[in-house]
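The values are calculated or read from the model by the stated rules, or taken from the named source; none is laboratory data. No experiment lies behind these values; they were computed from the predicted model shown. So basically every Cβ, Gly included, is an ideal-geometry build from the backbone, and we count neighbours across all protein chains shown. Just so you know, the surface numbers come from the protein's heavy atoms only, side chains and all, with ligands and any DNA or RNA stripped out. Shrake-Rupley method; radii C 1.70, N 1.55, O 1.52, S 1.80 Å.
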4 protein chains.
Amino acid sequence: MTIRIIITGGTFDKHYDEIRGSLTFKDSHLPEILKFVRCTVPIEVELNQLIDSLDMHTSNRLRVLESCRRASEERIVITHGTDTMVETAAVLGEAGLAKTVILTGAMVPYIFNNSDAVFNLGCALTAVQLLPHGVYIAMNGRVFGWDRVHKNRELGVFEEKRG
Amino acid sequence: MTIRIIITGGTFDKHYDEIRGSLTFKDSHLPEILKFVRCTVPIEVELNQLIDSLDMHTSNRLRVLESCRRASEERIVITHGTDTMVETAAVLGEAGLAKTVILTGAMVPYIFNNSDAVFNLGCALTAVQLLPHGVYIAMNGRVFGWDRVHKNRELGVFEEKRG
Amino acid sequence: MTIRIIITGGTFDKHYDEIRGSLTFKDSHLPEILKFVRCTVPIEVELNQLIDSLDMHTSNRLRVLESCRRASEERIVITHGTDTMVETAAVLGEAGLAKTVILTGAMVPYIFNNSDAVFNLGCALTAVQLLPHGVYIAMNGRVFGWDRVHKNRELGVFEEKRG
Amino acid sequence: MTIRIIITGGTFDKHYDEIRGSLTFKDSHLPEILKFVRCTVPIEVELNQLIDSLDMHTSNRLRVLESCRRASEERIVITHGTDTMVETAAVLGEAGLAKTVILTGAMVPYIFNNSDAVFNLGCALTAVQLLPHGVYIAMNGRVFGWDRVHKNRELGVFEEKRG
């Protein structure tokens, strides 16, 4: 059972540009991470886009949806910026795909010593293998259905959406 | 739903003793890890023992079993050395506990830059929330039933047991 | 012989604000670094300011100069942003202090895996003990007199000033 | 002015063998380190040997001496295990080479998050450029003449030799 990982950018994959002194995008760190965590699950990595999730417009989300549809794999993990992860999850959730899709990301870029990226990837890769078809968000050690979650921007954590 | 993490030592928690120049145990890194990965699941950490899993004897495994039995939590993650993780899993599996128990560990200590510890913890914490009662091993991005797994010592990976 | 380290901010001490997703300042990482590098030289750390060196105005530089003057130590290391390090060095150099002053900084923040901060600190702390009175910049493994150096902004390295 | 770095092994370059679960040697991390610290000094790296300094016998030390003699560079840094660094320094010091030679090493391997290796390398590379001919040890942020230093094994630090 191969898992597809669709990369869209976000904090997870931020890179430090030392000439400009700012956080930008260059390449994805996914291939490097998958190697040192000793993951033996067959994985197909797809670089869909590398953008900040605040820059994600409808067309960007549709490109993610299109990739999910086209994928021959039934199990898909998407790395995504946290700011609009819930919005993209909704686009995918409403599409009613016959697949298991987990969105994850990071609050602190992978390149930092104290990043949550690798932990979140472990959560997402496990959840995608165990959950039935549907669209979910895996963050903060928890897994949420796409229509039951919101990001608490003050605390920087994902929480169950109240009724 | 609180998750109990039972610490037994293993490569996961190895510490570098710079005076002796060797890998030993001192404290567990779990509390520090749980903080920076931004885990919001309520967790109860229990320091059961801090030993190399090659030094695990029957009495040590029974101490782990006893902790699982006594725990008020129904969901338990155990950090354990990889060398005899399968043996401890068998002791727990045969006990038929009405709980979900996931054993995990690391091939490379947490204190190294390229450790698999944090990834494996993410896998285990997710699996323990999603799987029915039973005893499992979460390693290499996969989850195995306790009686269907062995460690391939040459490759340093966990695999499905054949036959 | 005690060495004074005057902290002014710069890339060296940048902190990642995970709520805003940007690099800012919070505390200095100097005390933590000095501990794990096992430095046994007596050191007095002084938090002078925590700013980006592009935000350094004349008043900021005079505050650094004032600290150098007031210091009872004869040997001083200053951590500083790289963009205007040469300008601050010139203010200090022209003041003709009877002290050895080394400015250093980092192109990549300390909190990143592949930062040059700790290396540069080692260079600066060594240079300050070995060089006669004067003002110097220690970057890229080299030590430059304050009036013989410029930053090559395209390459992100310090070079000998030609002419 | 090119600097030669002669690698002999020691804690600095220890590698973690995840199959055996122990610290051994594989390759040197020097080339990787020199790149990310953005060192622009021309450097010639020489892999002399990769051993624990407790395994250093007279023949091993003579091989280091021979490399120092043969080197066309006048400035040499040697990475070395800390346990017998003083002994090797004595062999080199008594040889009366017309060169500046700095020995350095690490108490914690480079591959650990909190290693002193990169700091010590910065100290050594700076000292070798600033000091007159002679043999020195750069550890703990200090530089010692080869015949005025001993390792305090209890504290794990280098100190001035008394008497």
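Name the single residue that is surrounded by the fewest Cβ atoms within 10 Å (Cβ to Cβ) among those in the stretch D:15-36 being of a type in the set (A, V, I, L, M, F, W, C) and within 14 Å of chain C (Cβ to nearest Cβ).
Looking only at the stretch D:15-36, we keep the residues that are of a type in the set (A, V, I, L, M, F, W, C), and these are D:19, D:23, D:25, D:30, D:33-34, D:36.
Still in the running and within 14 Å of chain C (Cβ to nearest Cβ): D:30, D:33-34, D:36.
Numbers: D:Leu30: 21, D:Ile33: 19, D:Leu34: 19, D:Phe36: 16.
Of everything passing the filter in the stretch D:15-36, D:Phe36 is surrounded by the fewest Cβ atoms within 10 Å (Cβ to Cβ).
For the stretch D:37-49, which positions are open to solvent by 40 Å² or more (accessible area, probe 1.4 Å) and of a type in the set (A, V, I, L, M, F, W, C)?
Correct list: D:Ile43, D:Val45, D:Leu47.
I want to confirm something. Restricting to the stretch B:39-67 and keeping residues that are more than 13 Å from the chain's Cα centre (by Cα) and in contact (Cβ under 8 Å) with a residue 40 or more places away in the chain, which single residue is nearest to A:Val108 (Cα to Cα)?
Once the filter is applied, the top-ranked residue is B:Cys39.
State which residue is farthest from D:Gly122 (Cα to Cα) when the search covers only the stretch C:85-136 and only residues that are within 13 Å of the chain's Cα centre (by Cα) and of a type in the set (Asp, Glu).
C:Glu87
Is one or more of the residues making up the stretch A:143-161 assigned to a strand (DSSP E or B), open to solvent by less than 20 Å² (accessible area, probe 1.4 Å) and of a type in the set (Phe, Trp, Tyr)?
Yes, because at least one residue in the stretch A:143-161 is assigned to a strand (DSSP E or B), open to solvent by less than 20 Å² (accessible area, probe 1.4 Å) and of a type in the set (Phe, Trp, Tyr).
Go through (1) open to solvent by 30 Å² or more (accessible area, probe 1.4 Å); (2) within 12 Å of another protein chain (Cβ to nearest Cβ) for C:Phe12 and report which single condition fails.
Just one mismatch for C:Phe12, condition (1).
Could you check the stretch C:97-134 and list, in sequence order, the residues that are closer than 14 Å to C:Glu74 by Cβ and open to solvent by 10 Å² or more (accessible area, probe 1.4 Å)?
Within the stretch C:97-134, C:Leu97, C:Ala98, C:Lys99, C:Gln129, C:Leu130, C:Leu131, C:Pro132, C:His133, C:Gly134 qualify.
Please verify whether B:Glu74 is under 28 Å from D:Asp17 (Cβ atoms) and of a type in the set (Asp, Glu), treating the condition exactly as stated. Can you show your working first?
On the way: under 28 Å from D:Asp17 (Cβ atoms): no; of a type in the set (Asp, Glu): yes.
Criteria not met by B:Glu74.
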